[in-house]
Amino acid sequence: MPVYKYVAVNAQKQKVKGKFIADNEKQLAASLAKKNLFLVSSSVDKGGTPSAFFTTGTGKVQLKELTTFCRQFAIMITAGITVLECLNNLKKQNYSHYFKSILQVIYDDVKSGSMLSAAVDKHAKVFPHFFRSMVHVGEASGRLNEVFESLADYYESDEKIRRKAKSALSYPLMLLAMTIGIVILMLTFVVPTFKDTMSKLDVTIEGFTKTVYDISDFLTANWRFLLVGVIFVVGVLILLLQTKKGQYVADAFKLYAPFIGRVQVELITARYARAFSILLSSGMPLSEALDTLEIIIGNQCLQKRFKTVKDEVKHGVSLTKALQNLNFFPDILIQMVSVGEKTAALGEVMTRTYKYFDERVETSLNALTAKIQPVMLLIMGVTIGSLFLAVYSPMLSIMNQL
């Protein structure tokens with residue numbers, strides 16, 4: 001039956017707006033009359049997602065807001081509050097205007113008789129696939145409070161790991177930016193000044209110093225074209241990363257690049273273990289859990305390879321053997337999966353061990369920082385030292401002659 005948006009008037013001649021499921025407008029008017037409401041106008045509600053044009057994001061709910069929503073929803077459900085009352089309370093909380101508008105639509109749909117999972121599924125571009133799948137599992141199993149509590153824990157852990165990863169890479173990136181900035185500053189301002197001074201002293205410039213001077217001349221003469229070229233290249237790269245093939249290449253680079261490749265393996269392993277434990281513990285069948293895991297892995301290169309795991313399991317191969325054939329996850333994860341399969345307690349085993357993989361991520365990030373920082377400092381020192389040597393070597397030569 002269609003859902004109607006209506007405007008009605010009550011006995012006090014006050015306007016009332018809402019949604020109602022009915023076969024047609026005649027039935028809608030009759031149903032509202034039983035509530036002492038008199039229909040003024042109505043239209044079929046298509047249940048679309050509110051526009052995200054004026055938001056700063058891409059139309060998705062911010063992870064921080066989604067985590068808070070899951071935590072508050074779980075607390076209210078556990079306290080015995082109905083789903084509809086939970087949504088009514090949460091849509092009044094201090095969320096962004098965009099998220100509030102989405103919650104309002106979901107509230108209206110549930111009030112009209114829709115299941116929460118069906119109301120959430122209408123906003124596939126807003127909510128992650130993992131979240132939507134877990135809402136289905138929670139409703140089907142009657143454990144909605146446990147599912148939302150697990151979702152809150154999952155998103156909090158995921159956000160914590162993301163922050164650690166950004167923190168580990170921030171200092172090396174800052175050193176790289178400083179190095180590039182100092183080199184550009186020297187080549188465009190310092191080197192030309194010294195070159196003019198040396199020309200007045202009639203000093204012969206050759207070797208590495210001449211190369212640096214030539215590079216400086218090229219930069220000062222063509223900096224406008226170079227700037228446009230850099231902007232163009234960056235723009236093309238950004239556009240390419242928006243395509244499936246470009247994202248695939250970028251994800252493949254993350255997996256196999258020096259230094260960060262190992263960290264990516266640990267990050268994906270931790271996310272896989274946490275999500276797998278939540279899905280199985282919530283009662284989702286293994287085949288459906290694997291479908292969801294393929295999406296939340298977050299790396300298109302690995303997702304393509306992970307399809308073979310799903311196919312092998314569907315054809316009767318054990319999950320342990322399928323993961324071994326994938327040749328990606330650490331041996332300790334495969335051993336835990338093997339123990340879970342042998343004891344018929346895969347969900348429980350993953351729940352007890354996923355925190356171990358979170359700790360491995362932190363260890364890998366610390367190791368990455370310990371390796372990259374000395375390398376970046378060495379590159380910075382050698383680059384800037386070489387430029388200073390090139391600039392000051394003619395002056396040292398003059399002083400020696402004197």
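Taking the dipole about the Cα centre of the chain, with the C-beta of Lys and Arg at +1 and of Asp and Glu at -1, give me whichever of LEU173, TYR392, ILE231 is farthest to the positive side.
ILE231
Mind checking which lysines have their Cα closer than 16 Å to the Cα of LYS15? Skip sequence neighbours fewer than 8 apart in that chain.
Hits, sequence-local ones excluded: LYS5, LYS35.
What's the carbon and sulfur percent of the range 213-310's accessible surface, probe 1.4 angstrom, rounded to a whole number?
72 percent
Looking only at SER281, SER150, SER386, which one moves most when the chain is put into a Gaussian network model with springs between Cα atoms under 10 Å?
SER386
Would you mind putting 229-237, 244-252 in packing order, based on average other-beta-carbon counts within 10 Å, highest first?
On the way: 229-237: 10.3, 244-252: 14.1.
Order by mean packing, descending: 244-252, 229-237.
Give the cross-link partners of LYS19 among the aspartates and glutamates, using a straight C-alpha distance below 12 Å as the criterion and excluding same-chain residues fewer than 8 apart.
ASP45, ASP108, ASP109
Largest first, please: the extent of the C-alpha atoms of the range 235-359 along each principal axis, to the nearest Å.
Computed over the range 235-359, the largest-to-smallest principal extents equal 52, 32, 25 Å.
Percent relative contact order of the chain, based on C-alpha pairs within less than 8 angstrom and at least six residues apart?
Normalised by residue count, the contact order of the chain is 15 percent.
So what's Rg/Rh here for the chain, counting alpha carbon atoms and using the Kirkwood radius for Rh?
With Rg and the Kirkwood Rh in hand, the quotient comes to 1.15.
Can you give the accessible area of ASP196, probe radius 1.4 Å, in Å² rounded to 10?
Solvent-accessible area, nearest 10 Å²: 90 Å².
If the cut-off is 21 Å between C-alpha atoms, which lysines fall inside it for LYS195, apart from same-chain ones fewer than 8 positions away?
Hits, sequence-local ones excluded: LYS210.
Distance cut-off 31 Å, Cα to Cα: go down the list LYS125/LYS342; LYS160/LYS342; LYS321/LYS355; LYS60/LYS355 and report the pairs above it.
Correct reply: LYS125/LYS342; LYS160/LYS342.
Under the rule of -39500 (n - 2.57) per DSSP H run of 4 or more residues, summed and divided by the residues of the chain, what mean residue ellipticity at 222 nm is obtained, to the nearest 500 deg cm²/dmol?
Helix contribution divided over all residues of the chain: -24500 deg cm²/dmol.
Relative to the longest principal axis of the C-alpha atoms of the chain, give the angle of the C-alpha long axis of helix 191-200, reported between 0 and 90° and rounded to the nearest 10°.
20 degrees
About its Cα centre, what dipole magnitude does the range 90-133 give when the only charges are +1 on Lys and Arg Cβ and -1 on Asp and Glu Cβ, stated in debye to the nearest 20?
Around 120 debye, computed over the range 90-133.
The values are calculated or read from the model by the stated rules, or taken from the named source; none is laboratory data. Since the model is a prediction, treat every value here as computed from it, not as a measurement. All Cβ positions, even for glycine, are placed from backbone atoms using ideal geometry, and neighbour counts span all protein chains on display. When the accessible area is computed, the model is the full protein with side chains, heavy atoms only, and any ligands, DNA or RNA have been set aside. Shrake-Rupley method; radii C 1.70, N 1.55, O 1.52, S 1.80 Å.
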